[in-house]
1. Does Leu205 fit the bill of being assigned by TED's automatic domain parsing to the domain that holds Lys67, touching a Ser or Thr at 6+ places or on another chain (Cβ under 9 Å) and at pLDDT below 80?
2. Kindly list the number of the only condition in (1) assigned to a strand (DSSP E or B); (2) at pLDDT 95 or above; (3) surrounded by fewer than 18 Cβ atoms within 10 Å (Cβ to Cβ) that fails for Ile362.
3. Taking region 204-240 as the region of interest, how many residues are farther than 24 Å from His306 by Cβ and small (Gly, Ala, Ser)?
4. Please pick out the residue among Gln221, Gln181 that is buried (at least 16 other Cβ atoms within 10 Å of the Cβ) and part of a helix (DSSP H, G or I).
5. Would you point out which residue out of Gly301, Gly340 is farther than 20 Å from Gln233 by Cβ, buried (at least 17 other Cβ atoms within 10 Å of the Cβ), modelled with pLDDT of 95 or more and in contact with a helix residue (DSSP H, G or I) (Cβ under 8 Å, 6 or more places away or on another chain)?
6. Report, by residue number, each residue of region 271-293 that is of a type in the set (D, E, K, R) and not in a helix (DSSP H, G or I).
Amino acid sequence: MRRILSFILLFLSFNTFAQQDYQAQQRKLEERKAQILKEIKEFQNLLNTNKKQERNILAELNEQNRKIKLQTELISNSQKQIRTLKNDIYVNTLASNKLKRELAVLKEDYAKTIVKSYKSRSEQNRIMFILSSENFLQAYKRMQYIKQYAKYRKSQGDEIREKFEELERISAHLEIQKSKQEKIVREQEKQRKELQGERNKQSELMNLVKKDSKKYSSQIQNKQKETKKIDQQIKVIIKKIIEEENRKRREEEERKAKAAGKTVAPKTSSAGKLEMTPEEKALAASFSNNRGRLPWPVEKGYISVHYGTVKHPEYNIEYESHGIEITTEKGAAVRSVFEGEVSQIQVIGNTRTVFIRHGEYITVYNNLATVSVTQNQKVTTKQKIGTVANNHEGVAVLKFMLTKNETINNPQSWLSSK
């Protein structure tokens with residue numbers, strides 16, 4: 001009896017755990033689905049805006065690649081949802097079958113009990129059974145037996161009712177799961193058709209690119225050279241910012257020491273590393289603690305060029321990107337991702353670039369049409385610092401970089417997932 005009870009408890013525990021695990025997985029997948037659909041909607045809105053402007057084929061091809069990537073991710077998410085549903089349906093089907101078998105056994109036992117009870121159903125028979133005892137002890141035991149037997153019958157009935165209710169609950173849950181699965185399968189079929197349509201458009205664009213291969217290859221190489229040049233200029237400016245900040249700090253220390261009649265010992269700072277006040281150290285620590293939670297430098301948009309090695313899907317061309325490029329709405333407001341101080345405002349590649357220092361961290365906002373802050377100005381999180389400019393393809397693109405002193409970081413890992 002103990003082994004049976006242990007098995008039942010173990011099965012119920014496993015079933016409860018499996019159900020909780022399924023619910024957690026489904027919740028995550030639903031959240032991811034909502035996020036992808038939001039990205040697709042934002043992306044489509046940007047496309048509708050950009051269609052009004054003169055575009056080139058490479059820009060359209062990049063956008064088409066982005067649409068296909070999002071659509072593929074949506075289908076992959078749907079497949080994961082279907083798999084988790086199938087697993088849960090399987091577990092609940094096992095539980096349902098087990099309950100049906102247990103219910104059949106219980107009903108059979110209960111029927112036997114009823115038949116047995118029927119044969120000795122009269123009150124007179126029970127009284128005679130007690131009175132025919134040989135002694136008082138036997139009579140007492142027979143009375144206890146009759147009580148226990150009645151209790152056993154009641155417990156059998158209760159158990160049958162509980163099992164039946166549990167079976168009904170699982171059966172209802174199974175119907176809901178199967179309905180969900182059918183809905184997701186229909187959605188996935190629609191997504192696959194849309195994806196095929198996007199791939200057909202992609203093929204048309206790629207065929208156009210192939211017809212004038214030299215022209216577009218040259219455009220991509222020019223983009224590569226331009227990116228490399230901008231990245232190099234930004235690195236030089238960051239180096240100068242650090243040197244200038246450290247120089248000003250030493251001069252301030254010398255001024256204070258001279259006023260107090262003290263001598264300041266020569267101080268050598270670590271190359272490429274900002275010297276910080278206690279307040280700046282606290283700001284840098286706060287910035288660091290917000291890794292993965294920083295707001296985006298523009299309210300709407302998507303990452304069209306990622307950090308690291310960028311490979312063109314059609315041509316055998318690749319280059320290193322030291323930041324990310326975010327395609328956004330025309331004239332979109334650019335905002336500081338964290339509180340800090342504007343260190344530099346420079347013109348790079350015919351557009352403006354703002355450098356904001358957050359202790360030992362520096363964020364860079366490149367390709368601004370207008371700037372609404374001044375050098376040495378304190379800024380707050382999400383404060384507008386300017387507006388984004390259009391690139392040579394007529395698309396509003398912000399280049400965003402992030403460094404710790406002179407060390408370049410992947411800015412995407414610092415931003416929130418929206």
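The values are calculated or read from the model by the stated rules, or taken from the named source; none is laboratory data. No experiment lies behind these values; they were computed from the predicted model shown. Cβ sites come from the backbone with ideal geometry, for glycine too, and all protein chains shown count toward neighbours.
1. no
2. Going through the list (1) assigned to a strand (DSSP E or B); (2) at pLDDT 95 or above; (3) surrounded by fewer than 18 Cβ atoms within 10 Å (Cβ to Cβ), Ile362 breaks only (3).
3. Going residue by residue through region 204-240, those that are farther than 24 Å from His306 by Cβ are 204, 207-208, 210-215, 239-240.
Retained after the next criterion (residues that are small (Gly, Ala, Ser)): 213.
Final tally of qualifying residues: 1.
4. Only one candidate passes the filter, namely Gln181.
5. Values: Gly301 fails: modelled with pLDDT of 95 or more.
After ruling out the rest, the residue left standing is Gly340.
6. Lys273, Glu275, Arg291, Arg293
For (1) touching a helix residue (DSSP H, G or I) at 6+ places or on another chain (Cβ under 9 Å); (2) surrounded by fewer than 14 Cβ atoms within 10 Å (Cβ to Cβ); (3) basic (Lys, Arg); (4) at pLDDT below 90, each residue gets a yes or a no:
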site	(1), (2), (3), (4)
Ile238	no, no, no, no
Ile241	no, no, no, no
Glu254	no, no, no, yes
Leu283	no, no, no, no
Asn290	no, no, no, no
Pro313	yes, yes, no, yes
Glu318	yes, yes, no, yes
His322	yes, no, no, no
